[in-house]
1. Go through (1) under 16 Å from the mean Cα position of the chain (by Cα); (2) free of Cβ contacts under 8 Å to residues at least 12 places away in the same chain and name the single condition Pro171 misses.
2. Could you identify the single residue in Thr50, Thr10 that is more than 17 Å from Trp121 (Cα to Cα), out of contact with any Ser or Thr (no Cβ under 7 Å at 6 or more places or on another chain) and modelled with pLDDT under 95?
3. Would you tally the residues in region 147-191 being of a type in the set (Gly, Ala, Ser), part of a strand (DSSP E or B) and farther than 15 Å from Pro99 by Cα?
4. For Val189, all conditions in the list (1) out of contact with any helix residue (DSSP H, G or I) (no Cβ under 7 Å at 6 or more places or on another chain); (2) surrounded by fewer than 21 Cβ atoms within 10 Å (Cβ to Cβ); (3) in contact (Cβ under 8 Å) with a residue 60 or more places away in the chain; (4) over 24 Å from Gly66 (Cβ atoms) hold save one; what is the number of the exception?
5. Being at positive phi, out of contact with any Phe, Trp or Tyr (no Cβ under 7 Å at 6 or more places or on another chain), surrounded by fewer than 17 Cβ atoms within 10 Å (Cβ to Cβ) and modelled with pLDDT under 95 narrows it down to one of Gly110, Gly180, Gly143, Gly124, so name that one.
Amino acid sequence: MKAYFVRTSTDKLLDPFDPSWAAADLVSMKMETPPIGNAPSNYFRALDPTKIGKIKNIEVSALHNGEALFFRLTWQDPNQDLGMDSPGRFRDGAGILFPFLDTARINNMGSKNEPVNAWCWQAGIETPYNVTAAGLGTTRREGKSYCLASPVWADGRWTVVIARPFTVPEPDLNVALGPGMKKLVGFAVWEGSNAERAGAKSFCGNWYEVEIAP
């Protein structure tokens, strides 16, 4: 996957349907159910793996404008789930995961010596969370997020742009990004109407490489 450079504003690239996105490659990804047996929680280990991971395919594109990296994710979802307004109601969501070290395992959300960094968007919440993890059950929302998102749900389909500026403080909490870099990246989505949250999700199963054009 290549994140091509386009000379345009951050506001325009945050628009999922801005014409700039015509310059991006479109990568189709088959999504998988995570290995529930490895989960540290008894609740998640007891889940039926055939009933989670409802979203089976997503499409991903990437661009940058010299100031920030943008990903556009799109997938079929007949239900727009925006909030937890009653028991059993959960938000739709999407996550973009980066390892701080390329040796980190995506299945385990990294490890103590190989942590990972994620941008986690939830429907109905304006700013994506900045998350770090050092293994299953260690996911932590950091106090400051520099991520941006712009979601659109229409005709039974989510199209969501999630982005982060290249230059941010706290390098131990934010993976380094910039033009000319090659980074590993993974993706996850949550189907709220299927009671998916935390480790109950669909994910890509393997790292992909994104080349950020100079």
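1. (1)
2. Details: Thr10 fails: modelled with pLDDT under 95.
None of the other options fit; the residue is Thr50.
3. Within region 147-191, the first condition is being of a type in the set (Gly, Ala, Ser), and the residues that meet it are 149-150, 154, 156, 163, 176, 178, 180, 186, 188.
Going one step further and asking which of them are part of a strand (DSSP E or B), we end up with 149-150, 154, 163, 186, 188.
Those left that are additionally farther than 15 Å from Pro99 by Cα: 149-150, 154, 163.
Selection size over region 147-191: 4.
4. Single failed check for Val189: (2).
5. Working: Gly110 fails: surrounded by fewer than 17 Cβ atoms within 10 Å (Cβ to Cβ); Gly180 fails: modelled with pLDDT under 95; Gly143 fails: at positive phi.
Going through Gly110, Gly180, Gly143, Gly124 in turn, just one is at positive phi, out of contact with any Phe, Trp or Tyr (no Cβ under 7 Å at 6 or more places or on another chain), surrounded by fewer than 17 Cβ atoms within 10 Å (Cβ to Cβ) and modelled with pLDDT under 95: Gly124.
The values are calculated or read from the model by the stated rules, or taken from the named source; none is laboratory data. None of these values were measured; they are calculated from a predicted model. Cβ coordinates were reconstructed from backbone atoms using ideal geometry, including for glycine residues, and neighbour counts include every protein chain displayed.
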